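Here's the structure, in C-alpha cells; my notes come after.
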Amino acid sequence: MGAVVGTFTTTDPDVGNTFTYSLASGGADNVRFSIQGNELRTNAVFDFETKSSYSIRVRTTDQGGLFFERTFTITVTDVEETTYWDFATDLEGWNTANNLTATVNSGIATFAITGSDPFIHSANNLNIPAALYNYVVIRMQNLTGSSTAELFWSTYESTSINSAKRIGFPIVANDTIQRYYIIDMSANTNWTGSLKQLRLDPTIASSGTVHLDFLKLTGAYPSVAAIIPGTIEAENFNYGGQGNAYFETTPASNSGNRFRTNEGVDITVHPQEPDNYVVGWTAAGEWLEYIVRVEQETYYSITANVSSPSSTARIAIELNGEQIAPEIPVPNTGAFNTYEPVEVITSKKLAIGTHVLRIHANTGSFNIDKLVFADAVKTQEIALQKGWN
Ligand SMILES: [Ca+2]
Ligand SMILES: [Ca+2]
Ligand SMILES: [Ca+2]
Ligand SMILES: [Ca+2]
C-alpha cells in the first residue's frame with residue numbers, strides 16, 4: 001500500500017503545457033490505486049496468488065482543461081517476499097536496539113542483554129500481506145529469568161510501532177533447550193494490511209542471554225490450523241514458499257499444474273476423487289509444513305494415504321523439528337494412481353497446542369493424499385472389541 005507503481009508523462013505538441021493526472025471512470029480496478037502528483041500508487045495489497053492483472057483508466061488534463069484518457073493494464077509479478085530469517089551467517093537485515101548486542105555463530109544469533117526493553121527489528125520495507133501470513137514461528141532458547149517475549153509490527157497503513165500492534169507470548173525462563181514458539185497473529189485485529197516492519201523483544205528481562213535460531217512468517221492454508229485429531233490434506237501445506245513452507249527439488253513450478261499452481265510443490269488430482277488433490281513428483285529431501293493444533297494429549301495413530309510403484313519410499317513425520325513416529329514404509333501399491341492406507345503410531349504423546357508438522361521424504365517416488373490422526377488408544381480399543389466378536 002502506498003507503493004509507487006510508476007510515473008506518468010504526457011507528450012503534447014504544445015510546448016510548455018503542464019498536466020495533472022486523475023483516475024477516470026471506466027477503469028475496473030481504479031479503487032485499488034491512487035494518484036499523487038504524477039505518481040501512480042497502490043491503494044491495496046496486491047497478492048499475485050489472488051489476482052495478477054488490473055485495469056485502470058487515467059485522465060491527463062492540461063492547464064487549459066483539455067484532457068485525454070487512456071486505459072492501462074497493470075500486471076503483478078510473483079515476487080517471493082522474504083518471510084524467513086535463519087541467521088545463517090549474519091542478522092539478515094535485522095538490527096539491534098536498546099541494550100541488546102548480537103553475535104551470529106553457526107546459524108544462531110546470540111543476544112546479550114544489558115538493560116531495559118531490548119529488541120531487534122527487521123528491515124522497514126517488508127511488504128508482506130498479513131492476512132496470508134497469520135503465524136509467526138520462532139525457534140529460540142531463552143536463558144533469561146523472564147517468561148515473556150513480545151512481537152510488535154508496523155504496516156504500510158499504520159506506520160508506527162506501538163502497543164496497539166503487539167502480541168506478548170509466554171516463553172520458558174532459563175531454558176535448557178531450543179524451543180519452538182508458534183504465535184497466532186490473528187489474535188490481534190491490527191495484524192492486517194501490508195506488514196512493513198517486525199520487532200521482536202526476545203525477553204522482557206533486562207539482563208541475560210537469548211539464542212535465536214530462526215524466525216519466520218507462515219500461513220495456515222487455506223486460513224486456519226488443521227485440527228488433531230483430524231485430517232491433514234497433503235496439498236494444504238502452509239503459505240511461505242520454498243525454504244519456508246516447503247522444500248522442493250523443482251521449486252520453479254508445480255509439475256502437476258493442479259490446485260495451487262503458483263507454488264513449487266507438485267500437485268495432481270486424486271484419480272477417483274475430482275475435488276481431492278495429492279502431492280506427487282516427490283524426491284528424497286523434500287518436505288512440506290503445516291500449522292496444526294493438537295486438541296487432545298494422547299498417542300496418535302497416523303494413517304497416511306499413499307501410493308508408489310516402488311517399495312523403497314519412506315516418509316518421516318516431524319513436529320516442531322522432532323520425529324514423532326517410526327518412518328512410514330510406503331508399500332509398492334502397483335501404480336501412482338493406486339492408494340493404500342499405511343498406519344504408524346506416535347512414539348510419544350503429542351502435547352496440546354499449536355505446532356508445526358512436517359512431512360519429510362526420506363526416500364522419494366511416492367504420492368501422498370493425506371494424513372489422518374486418530375487417538376491411538378481409542379483405535380486399539382476398537383480393534384480389541386472386533387477381536388472379541
Ligand atoms: Ca538458524
Ligand atoms: Ca516442483
Ligand atoms: Ca517435487
Ligand atoms: Ca488430499
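Give the aspartates and glutamates reachable from K51 as a straight Cα distance under 20 Å; neighbours fewer than 8 places away on the same chain don't count.
The reachable aspartates and glutamates, counting only those whose Cα sits under 20 Å from K51, are D29, D78, E80, E81, E263.
Please give, to one decimal in nm, the separation of the simple spin-label points placed at S53 and N257, each 7 Å out from Cα toward the Cβ.
So the label points at S53 and N257 sit 1.7 nm apart.
Tilt of helix 376-388 relative to the longest C-alpha principal axis of the chain, in degrees (0 to 90, nearest 10)?
40
Any chance you could tell me what percent of the C-alpha pair distances in the chain go past 33 Å?
Above the 33 Å cut-off, the chain has 44 percent of its Cα pairs.
Using a Förster distance of 56 Å, how high is the FRET efficiency between F68 and N105, based on the Cβ-Cβ distance and rounded to 0.05?
Efficiency, rounded to the nearest 0.05: 0.35.
Once fully extended, how much extra length lies between S147 and T231, figured as 0.36 nm per residue of separation less the alpha-carbon to alpha-carbon distance?
26.9 nm
For region 265-315, which GluC sites (Glu not before Pro) are both in a DSSP coil and crowded by at most 13 other Cβ atoms within 10 Å?
Here the GluC sites (Glu not before Pro) that fit, given the DSSP loop and packing criteria, are E295, E297.
Please state the relative contact order of region 54-202 as a whole percent: Cα pairs under 8 Å, 6+ residues apart?
The normalised contact order for region 54-202 reaches 23 percent.
Can you pull the one-decimal nm distance between simple spin-label points at Q323 and S116, each 7 Å off the Cα toward Cβ?
Going by the 7 Å Cα→Cβ label model, 4.9 nm.
Cross-link candidates for K378: which aspartates and glutamates have Cα within less than 17 Å, leaving aside residues fewer than 8 places away along the same chain?
Within the straight-line cut-off, K378 pairs with E295, E297, E343.
Here is the link list: K216/K348; K165/K370; K165/K349; K165/K216; K349/K370. Which ones come out longer than 29 Å on Cα distance?
Those over the limit are K165/K370; K165/K349.
For n ≥ 4 DSSP H runs only, could you compute -39500 (n - 2.57) per run for the chain, divide by its residues and tell me the 222 nm figure to the nearest 500?
For the chain, the value works out to -1000 deg cm²/dmol.
Throughout, read-outs are computed from the coordinates displayed, never taken from laboratory work. Remember, it's a predicted structure, so these values are computed and weren't measured experimentally. For neighbour counting, all protein chains shown are included, and Cβ atoms are generated from backbone atoms with ideal geometry for every residue, glycine included.
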